[in-house]
Structures are given as structure tokens and as C-alpha cells.
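Heads up, the thing below is written out as C-alpha cells.
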Amino acid sequence: MKKIQLQINPIDRVFFRKNVNFTSDEISISLIDSRVLPTPPTIVGAIRYTAANKMGWKGRGDWPNSIKEELGDRDNLGKLDFYGPHILHRNEEKATMNKNDNAKSILFKLPSHIIGKLPDENEGEDTAKISSLKPGPAVLSNLSSNQDDKIRLLTSSGDVDEFRSLENYYISNDDMLRVLKGEELNEIKLIPESSLISLEEQIGINLDYKNKSTSKDHSLFSRTFVRLGDDCSIFEEVRGLNDFGLNSKLIHLGGENRIAELVKLDENIPINYPSIELTDFTVEESRFNFYITFITPALIGSNYHEIKKLLEDAFKSTLEGASIGKTDRIGGWNSVDRTPNATYSHVSIGSTFFFSSQLEEKEKLMKMNATKIGQNVEWGYGQFLIGTW
């Protein structure tokens, strides 16, 4: 299947609305935050809209069959398959040395099973202390359906009393590979989200459309926009899409139709995902241990038992434990029907699930790295990387 890798460079600040009700009368809204990255439907919609324009669509009315054959029809993506979005980072020092685009790579949100203690300048510390969690002894819990259905709580070796979850931190492609392999974690470099973006607030006021007055009393609100750093952009991979001259095109992206540049990356210098080797897995008797960590939001079930069954069936393995971040509620806006989309709870980026499996499953598992699992995967949901524990 033809694969196109795209870089999206926002020209201005952008707004990717977090899950806040679109109807202000139903909920009190004083502060509306933006996501750092657009949700899959936002980025997919922008790319399909641009491709349809290049195929002759004027921006109004239904797509003709010739376009639907290439781009699908509304929620049906047809033959299109999206991966992402991700933050694409350009290392200027590496670019200067290599004089090419090999300096571009994906930044990954730190997996949720990685914990640590940030340096305390008052104590003369200059580096973070980092450790990882993994399944411990099996115990009964309120999630157990019977005496034999135990779960393994996550534990960590060493003195980690002061260690905490490291939210809002990213790591490089190389450091993610070190995490996946289970190598020394104190060598990795934590990249704070605040160093990749800047936040800009804008004050607004709700209009009173019913009474046709200019505004409502006591209805001030604040929106937080995101501006990506000069060395950051948005990465998206599309499979099944023909090249309709998408390179160096200006597109509308996110709230207020902000302008961004769409660039097709050189297929001879692809952006790759980190991948461990067969020899990296930890083997215990006739079984081996592995985990998956999500790099895009995933829709894999509404409760523990649904998630457990889906994952164990997909990997033909036993779920041993999990470190799950805050639920990510994703809905959005239907620009065709002019109505909000239904909102669903997704497993958040960085959430990690631990498994054990039979040795004969190792080679099959390796082929699944950087693929997707769950519902709506064609939109980019449910992409994961495989690690060992």
C-alpha cells in the first residue's frame, strides 16, 4: 500500500479544543484549553479536505463519486489508513552535522509506567532520577471475578518513595528505544512539554443570539491557544492516498480554521518508529514478557473486562497488569452537519499494558510494532509500540 508521510507546520498559534461542551448554556465555561496535538478526526479531516480540493471539489456540496473512490465518504475512510498525529522534532545540532533531514524524528510522550524524581536545585541535584514499574505478585481485588482471577499490582525496585508520575514530559526516538528495551533509564533526557510549546490566552465574551444583543452579562471566558516551537511540527502518515500535489500547500487546521503548511516528506528519508529486537525480550521458562504503550489515544473498551478480553485475544497473551493515564474524552465538531460529535472515553497516550505469552508468539508480535488496535483504527486511534519487562 502506498505510504505518504506528511509534516504540518502551523503558521500561527492553533486551537485544538479539549473536551468541553459546545453549548455554553449547559455548562459554565470560563476557561477552554487547547490540546497540544489535534485529535485524529481533526487532522484526517484537514488532509481529506485539502486532497478533495486538489481533485476539483469547490468546498461546498457532496463529493462526486470520483473523489469518494479515493477519499471515502464522510465517516467511511474507504481505502485510507492514517497513523498519528505525533510531534515531529528537528534537532538543529544534528541537522548541521548531517546536512540532511535525518535530524527529524518523532517525540513520544513518556510512558505512564515510568516514574521519577525531578532534580532539586536546593539540594544540588542537576539530573532526574528515573525508574519503571512492572507487575508484582498476584492479588485479589474488586476487579476479580473469582478466586482464580487475580491481578498483579505494579511495583518498582529500589527506593522510590519520592518518585512520582512524570506527566507532560516527552522523550526522543532514541530514548524511547532505551525505555522499550528496559535499559538504564537515568541516561534518558526528559523534555518538558513547556519547552516545545508556548501557551497564549485570549479573552472573549459570549454573544446573546436569542435577544440579538451584542453580548451576555457575566459571560467572559478565556481560551488557551498553543504555539509550537520553531523546531516542532505535526507528523502524520497516510496509507492508500495518491499524491494529489499536496506538497507545500496551505491548509485550514483546528478551531478558527488556522493556517498551516502541509509538506510531503522525502520518501527516501522516512520517519521511523523505534523497534526492539527478538533478543531483547525477557524469557522465563517457556514464556516471555512484553508490554504495549499507546502513542495515540485508543478506544479499546468501556470497562476492565472488555479491555482485558480485547487485548488478550489480539495478542494471544495473558494480561498481567497495566498503568493507565487519565481517560481522554474525545468528541469534536461535525463541520458538515454543524453539530457536536458524540464523545467517547479513550485510553490516553502513554498508557501501558503488560503481558506474558508463549515463546512461539514472539515473531508474530514483532510484526505488530507501531500498528494499531481497537475501534476506529483507520483514523489513527490505538497505535502502540512494544517493549519488554
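Of note:
- Positive-end residue of Tyr170, Leu6, Ile188, charge dipole of the chain with Cβ unit charges: Leu6
- Selection from Val347, Val263, Ser275, by position along the positive dipole direction of the stretch 261-377 (Cβ): Val347
- With Cα atoms, 0 to 90° folded angle of helix 40-54 axis to the chain main axis: 50 degrees
- Bins of 5 Å from zero: percent of alpha-carbon pairs in the stretch 159-199: 5, 20, 23, 25, 18, 7, 2, 0
- Cut-off under 5 Å, modelled amide H: who pairs with Glu320 long-range: Phe354, Phe355, Ser356
- Relative contact order computed over the chain (Cα-Cα under 8 Å; 6+ residues apart), in percent: 25 percent
- Annotation for the stretch 258-325: trypsin sites (Lys or Arg not before Pro) lying in DSSP loop with at most 14 further Cβ atoms inside 10 Å of their Cβ are Lys316.
- Using 0.36 nm per residue and subtracting the Cα-Cα separation, the extra length available between Val283 and Thr318 on full extension is 11.1 nm.
- The stretch 338-348 - phi-based ³J(HN,Hα) in whole Hz, Karplus 6.51/-1.76/1.60, Gly and Pro as x: 6, 9, x, 6, 4, 9, 10, 8, 10, 5, 7
- Extreme residue, positive dipole direction of the chain, given options Gly59, Ile130, Leu37 (C-beta unit charges): Gly59
- Here the sum of -39500 (n - 2.57) over DSSP H runs of 4 or more residues, divided by the residues of the chain, equals -4000 deg cm²/dmol at 222 nm, to the nearest 500.
- Build a GNM of the chain with springs between Cα atoms under 10 Å apart, and of Arg60, Arg90, Arg223 the one that fluctuates most is Arg60.
- Under-5 Å amide H pairs with Arg152, H placed in peptide plane, nonlocal only: Val139
- Charge context of Leu253, other residues only, Cβ under 14 angstrom, K/R +1, D/E -1: +3
- Filtered trypsin sites (Lys or Arg not before Pro), the stretch 146-192: DSSP coil and at most 15 other beta carbons within 10 Å: Lys150, Lys189
- With Cα atoms, 0 to 90° folded angle of helix 304-315 axis to the chain main axis: 80 degrees
- Across the stretch 309-389, the mean sequence separation of Cα contacts (distance under 8 Å, 6 or more residues apart), normalised by length, yields a relative contact order of 26 percent.
Any read-out appearing in this document is the output of simple, stated calculations on the displayed coordinates, not a laboratory observation. Since this is a predicted model, take the numbers as computed values, not measurements. Cβ atoms come from the backbone with ideal geometry, glycine included; neighbour counts cover every protein chain shown.
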